[in-house]
Amino acid sequence: MNYRDGYIENLEDNGYDVRSCGCERCGRTTGDRFSVHHIVYKSEAPKHKNLDDHRNLIFICETCHSWFHGSKKRRDDLVKKRKLWELFPLLLRRDFYEQEKQDELLKAQLNGYV
């Protein structure tokens, strides 16, 4: 098993069927090469214990892989959705966490809980 197979196995062990679902960003299933992408780049945290955590991996086509590498800001939605600051608290901006807490408070206020 090469390292990419190991990443695919990691994703599949956590409920994502990469071979049938295709690219997690655009949904493409054919016509392009696919790869496993680290949302927090390996170059940012080369020896971090959570680098290969399934929450930090995304199965995408080569077109979307290039798109992600165009700007770190493009990963912000994934960082929020997957709460990656929990895995990389010293690396990622703390405002992701703060924004989530503010959103929860606003939701509670709108629902009459606060």
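The values are calculated or read from the model by the stated rules, or taken from the named source; none is laboratory data. Everything numeric in this text was worked out from a predicted model, so none of it was measured. Here the Cβ is made from the backbone with ideal geometry for all residues, glycine too, and neighbour counts use every protein chain on show.
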- request: Considering only region 64-85, state which residues are outside any loop (DSSP other than H, G, I, E, B), surrounded by fewer than 16 Cβ atoms within 10 Å (Cβ to Cβ) and of a type outside the set (D, E, K, R).
  value: 66, 67
task: Kindly indicate whether any position in region 23-40 is over 21 Å from residue 80 (Cα atoms), surrounded by 12 or more Cβ atoms within 10 Å (Cβ to Cβ) and in contact with a Phe, Trp or Tyr (Cβ under 7 Å, 6 or more places away or on another chain).
output: yes
- request: Can you work out which of the residues in region 1-48 that are in a loop (DSSP other than H, G, I, E, B) and small (Gly, Ala, Ser) is modelled with the lowest pLDDT?
  value: 15
- prompt: Would a scan of region 50-58 turn up a residue that is modelled with pLDDT under 85, in contact with a strand residue (DSSP E or B) (Cβ under 6 Å, 6 or more places away or on another chain) and not β-branched (Val, Ile, Thr)?
  reply: no
